Structures are given as C-alpha cells and as structure tokens.
C-alpha cells in the first residue's frame, strides 16, 4: 500500500478530495514520552476508492494542503472520537475541521450507548470485524509494516458506511441540531487550549487555605509551562504529590525544597528548582483578594436522595424511549442539582434536552408525574390535577 511522502503528491491528492461531499479522517500518534502528541500518520478516505495514507514524518513534506482541506467548508470531515485528532491539528496548524461530523457523538444521539468504540459500531452497522491488534504499535518507526497500513486504512474505509448510516438516521429523526450542538464544542478553540494558569484545577486540593491555594496555583502553572517548553509529560517534571506537598509546605529555599519527601533527590539543585522557588514566592506574596479560591462543594438539601434515585429511573426510561445515550442528557451531579432547584443551571433544563427529559424531571419532583409499573415495565404517568380548594 502506497504512502504519500511528498508535498507535490499530497497537494494533488487534496485537490482531488476537495471535490468530494465528505472525507473520513483518522490519525495515528504517540504521546508516551512527550507533552504534545507526535503526529505519525494521517488516513483519509473519499466516499469511494482506497484510503490515502499520508506520512507527516516524511522529510520535507508540507501539510498545508491537508490543513486547507480540513478548513474547506464544502467538504464534511468525518471522524470517530475526534477530540484527540483535532487537538493535534489545532496544536500543529491552528486548524479546526469544518464542517465536522463525529460518529461517536452521532451514535449517542442514535441510541448506540455512551461513547461506543470504533470497532463496536463498525460491527453493529456493517457486520465487519476490525482487527485492532496494531493499535498500540510504535507508529513513529519506519518503515511501517503492511499490517499497520491495513489497520490504518480500515480506520477510515469502514467509517464511510458508519457515517452514511448515522447521517440517514439523524436526518430521518430530525436530530441534526442535536449533533450540531455537540460539534460546536469540538470546534471551539478553547476546548484545546492548555493554559498553565488553569493547571491547578485538575488537582484535588488537600489544603484549602488561601496561602496553600495560591502556592498550588503558581507551582502547577510552573510545572505545566515547563512541560510544554521541554515537551515532556508533566509527571516527569514533578509528580502531583510533589506539587501538593510544595503547596502545603511552601519552601522558599533549595534546602527546604530538598527536604520534602515527595520531591526527587537532587531536584533542589537542578536548574528548574530556582524558577519553581520563585513561583512559590509569588504565591506567598499574592494578595488574598487575588487568590482564585475553588468553589466550595455545593451543599445539597437533606433528604433529596430518594428524589435523585427516581430521576435516575426517569432518565433511563426517557433515554430508552427516545433512543439516545444518557451521557448526552445529564450526569448524576446534574440530577442532584435538578432535585434541589427547579431553575438549576444544567443542560438538561435547556433546549432539546429539556424537551425530552427536563420538563418531565421537574414534573416528577413536583408531584405532577409519578412512576408506575405496567407489565413489569416502569413508565411515567401524569398525576390528576388537584381541584382548587
């Protein structure tokens, strides 16, 4: 199987693809030892014909024509579980595929369950068995084996039938707007921007004093920036436990830093230790009014547990009735907020989600709807209106 390795061949291929109604796209990449993923292979297929395999690691190849194709609004770009692929395109070229169709999201709208994998949806839609044995091979090594190339091609050729099947179902059910709402999230640059100043948010706070939070924010931002600059995983800079201990102990000298149990031996004498200590000092000197404190866990009213359990049952029933994945409607935290507040700021009480679930959820918690068992099946039943007193 041939691989495109030159700019000229890629430009010719992309010129031909630009006349198609849609293309299916996938990538193979590595990120085991780097912060940013290494793009190793790009697979593209038109509605008919063989897949095109593009080698982004080929010497001198310019991917500009491929990224232009991704931005071509006359061609729909079809992915399965697109987030990681798009993250690479955004980092490499600040390009977001448009228009975009993610078959994993569309499958949730069409009742295939929560986050169905590629091989499972291919089997259910086409009956084909996808060989995934090459999934975890080293895609950066050259030459790629025939087995790897066949695996890579299958990731976009089977996707054509999956896309066409889902597109027909979505059109028939009138749910195109549901999918578009989810695509907007995948096409938002903020989805892929990694801001060092927000790195602390992924850590569980062990110490909620303002001083500790301020130091944690500065230390986590320092680590994230170092990882990005050096292009290595953040855990290879310092582990989470070390960042947590630094936030609590707030060392301002190399000796104090070196005495922390979670800090690797010798790190305090490294080049990075000086800038880390400067970050700790910035945290200690930050005015209390400028410390972004995490929101306190929401205190839910006592006794709402049974209401939440009933809402879970209603959610399952409504999602099965409408053939849509529960994950796409709401999670347990959203159900808790609905149980506590009729005006909760959750997606389940807005737009199409409110129409198929939110209205009935509010009716259930307010006694206007009940759950009954009929022929061993649970179903919602409207309560009779009470006569005015």
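The values are calculated or read from the model by the stated rules, or taken from the named source; none is laboratory data. Worth saying up front: this structure is predicted, and the values here are computed from it rather than measured. Virtual Cβ from ideal backbone geometry, glycine too; neighbours counted across all protein chains shown.
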When only residues in the range 10-24 that are farther than 13 Å from residue 50 by Cα and in contact with a strand residue (DSSP E or B) (Cβ under 7 Å, 6 or more places away or on another chain) count, which is surrounded by the most Cβ atoms within 10 Å (Cβ to Cβ)? 10
Looking at (1) exposed (fewer than 13 other Cβ atoms within 10 Å of the Cβ); (2) touching a strand residue (DSSP E or B) at 6+ places or on another chain (Cβ under 9 Å); (3) in contact (Cβ under 8 Å) with a residue 40 or more places away in the chain, which is the one condition that is false for residue 371? (1)
Criterion first (in a loop (DSSP other than H, G, I, E, B), more than 24 Å from the chain's Cα centre (by Cα), farther than 15 Å from residue 76 by Cβ and in contact (Cβ under 8 Å) with a residue 40 or more places away in the chain) does residue 142 satisfy it? yes
Would you say residue 301 is part of a loop (DSSP other than H, G, I, E, B), out of contact with any strand residue (DSSP E or B) (no Cβ under 8 Å at 6 or more places or on another chain) and more than 27 Å from residue 351 (Cα to Cα)? no
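Among the residues in the range 296-304, are any surrounded by fewer than 13 Cβ atoms within 10 Å (Cβ to Cβ) and under 30 Å from residue 225 (Cα atoms)?
Taking the range 296-304 first, the residues surrounded by fewer than 13 Cβ atoms within 10 Å (Cβ to Cβ) are 296-299, 301-303.
So of that shortlist, the ones also under 30 Å from residue 225 (Cα atoms) come out as 296-297.
So far as the range 296-304 goes, yes, one or more of its residues are surrounded by fewer than 13 Cβ atoms within 10 Å (Cβ to Cβ) and under 30 Å from residue 225 (Cα atoms).
Across the range 33-50, which residue is nearest to residue 10 (Cα to Cα) among those that are crowded, with 17+ Cβ neighbours inside 10 Å and out of contact with any helix residue (DSSP H, G or I) (no Cβ under 7 Å at 6 or more places or on another chain)? Even if it seems obvious, please write down each step before you answer.
Residues of the range 33-50 that are crowded, with 17+ Cβ neighbours inside 10 Å, as a first pass: 35, 37-46.
With out of contact with any helix residue (DSSP H, G or I) (no Cβ under 7 Å at 6 or more places or on another chain) added as a condition, the list becomes 38, 40.
Values: 38: 19, 40: 15 Å.
Once the filter is applied, the top-ranked residue is 40.
Working carefully through the options 134, 65, find the one that is in a helix (DSSP H, G or I), surrounded by 15 or more Cβ atoms within 10 Å (Cβ to Cβ) and assigned by TED's automatic domain parsing to the domain that holds residue 30. It would help to see each step written out before you state the result.
Working: 134 fails: in a helix (DSSP H, G or I).
Sole residue among the options that is in a helix (DSSP H, G or I), surrounded by 15 or more Cβ atoms within 10 Å (Cβ to Cβ) and assigned by TED's automatic domain parsing to the domain that holds residue 30: 65.
Modelled with pLDDT of 95 or more, buried (at least 18 other Cβ atoms within 10 Å of the Cβ) and part of a loop (DSSP other than H, G, I, E, B): does that describe residue 251?
For residue 251, the condition - modelled with pLDDT of 95 or more, buried (at least 18 other Cβ atoms within 10 Å of the Cβ) and part of a loop (DSSP other than H, G, I, E, B) - is met.
The rows are residues; the columns are (1) assigned to a loop (DSSP other than H, G, I, E, B); (2) without any contact (Cβ under 8 Å) to a residue 24 or more places away in the chain; (3) under 13 Å from residue 80 (Cβ atoms).
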{"position": "120", "(1), (2), (3)": "no, yes, yes"}
{"position": "128", "(1), (2), (3)": "yes, no, no"}
{"position": "151", "(1), (2), (3)": "no, yes, no"}
{"position": "157", "(1), (2), (3)": "no, no, yes"}
{"position": "185", "(1), (2), (3)": "no, yes, no"}
{"position": "190", "(1), (2), (3)": "no, yes, no"}
{"position": "198", "(1), (2), (3)": "no, yes, no"}
{"position": "205", "(1), (2), (3)": "yes, no, no"}
Only one of 309, 298 is outside the structural domain of residue 366 (by TED's automatic domain parsing) and within 28 Å of the chain's Cα centre (by Cα), namely 298
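From 76, 86, 3, which residue is in contact (Cβ under 8 Å) with a residue 40 or more places away in the chain, surrounded by fewer than 19 Cβ atoms within 10 Å (Cβ to Cβ) and under 30 Å from residue 176 (Cβ atoms)? Break it down stepwise before answering.
On the way: 86 fails: surrounded by fewer than 19 Cβ atoms within 10 Å (Cβ to Cβ); 3 fails: under 30 Å from residue 176 (Cβ atoms).
The conditions single out 76.
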Which of (1) at positive phi; (2) without any contact (Cβ under 8 Å) to a residue 40 or more places away in the chain; (3) not assigned by TED's automatic domain parsing to the domain that holds residue 205 does residue 266 not meet, given it meets every other one? (3)
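For every residue, the table says whether it meets (1) assigned by TED's automatic domain parsing to the domain that holds residue 155; (2) assigned to a loop (DSSP other than H, G, I, E, B).
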residue	(1), (2)
1	no, yes
24	yes, no
40	yes, no
60	yes, yes
74	yes, yes
97	yes, yes
104	yes, no
108	yes, no
